[in-house]
Every structure is written in structure tokens, then in C-alpha cells.
Amino acid sequence: MGVTTLTKAEIYEKYADQLIRFATGLVGPSDGRDVVSAAVVNAMWSASWDSVVYERAYLYKAVLNEARRHHRSNGRRHIAERQAYGGAETDGLPEFRPEVLEAVARLSMSQRAVVFLAYWEDMRPAEIGRFLGLSDGTVHRQLARAEARLRRILDD
């Protein structure tokens, strides 16, 4: 009997469900299919694909490696988000309060920037001024106006 060679599409079709279940166990249901897609594309179009003997094992290893990359990437993104919200050393992000978010969205762009830097980045007015290229007086005025406007909006 001759050896039958499957196409890449046939190999994917043969193992896709197993690979998706595996990836889902590694990264969760929302990202499992994306991890498999990236892993299969990278594996099948790599220079070493033509020398692969056990496609299934090779694809499982590719999914595992892609899941690791995905986890590292998500970890870096999560750290960056926590740092952006001033919670790098805390257990989570600040409490989400939609009314505050809506009120802040009604501020001018410069007021939002000053409020963010003052309250989320914990910068002092002089540092905010250097960061944004504003005088200390302008920072104080913007912050005072923003605080007053936020109080009015949130009191209504």
C-alpha cells in the first residue's frame, strides 16, 4: 500500500476539534480558537513543516507554545493596565463607577488630562505642568475647575 499524503487543510480538519479543546483548557473559551488559528498557521507555514513526521504531536506542541505566548502577552497587557490605573501593587483595578466615568467624559480634554494625572498617576501639580508643558497656575486652575464641574455633575 502506498503512503497517502494529506493536505494542510485536511490535517487541520482532522485535528481542529482536539486542538481547540486543548487550547480552551489552556487559555479559556474566549481565546481558544484564536490560539489554535495562530499556532496552526505558524506551524504549517514554518520551514520545518515538511520534515514533520507526527503532525498531531507537532500541532499540539505548537498550540502549547502559542498559549504560552498568549499568556505572556496578556500578562504584560494586564500589568500595563494596572499601572495606568495606579494599581500596580494592588489586587485589582479601581472600582468602576459609570456615573464618574460619564462625568469625567464631560470635562474638557485638558481637564481630563490633569484629573487623570493628579488622581490616577498621583502626580503633583508641578510635575503635571512639566509633563504637559503647562504652568503651575494653569494646572491648579484646570484642576479646580474640573473638580468643581465634577461636583456639580455628580450632585445632580
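The values are calculated or read from the model by the stated rules, or taken from the named source; none is laboratory data. Since the model is a prediction, treat every value here as computed from it, not as a measurement. FYI the Cβ positions are ideal-geometry reconstructions off the backbone, even for glycines, and counts take in every protein chain you see.
Selection of helices (runs of 4 or more DSSP H) fully inside region 96-156 by the criterion of at least 3 residues being in contact with a helix residue (DSSP H, G or I) (Cβ under 6 Å, 6 or more places away or on another chain) and modelled with pLDDT of 80 or more returns 125-132, 136-155. Residue 26 meets each of the listed conditions (1) in a helix (DSSP H, G or I); (2) exposed (fewer than 15 other Cβ atoms within 10 Å of the Cβ) apart from (2).
Filter region 1-43 down to the residues that are of a type in the set (A, V, I, L, M, F, W, C) and farther than 12 Å from residue 60 by Cα and list them by number. Those that are of a type in the set (A, V, I, L, M, F, W, C) and farther than 12 Å from residue 60 by Cα: 1, 3, 6, 9, 11, 27, 38, 41.
Here residue 82 meets each of (1) outside any loop (DSSP other than H, G, I, E, B); (2) modelled with pLDDT under 70; (3) of a type outside the set (Val, Ile, Thr); (4) surrounded by fewer than 16 Cβ atoms within 10 Å (Cβ to Cβ) with one exception, condition (4).
Residues considered: 41, 35. Of these, the only one that is part of a helix (DSSP H, G or I) and in contact with a helix residue (DSSP H, G or I) (Cβ under 6 Å, 6 or more places away or on another chain) is 35.
Considering the conditions (1) modelled with pLDDT under 85; (2) not in a loop (DSSP other than H, G, I, E, B), residue 58 is excluded by exactly one of them, (1).
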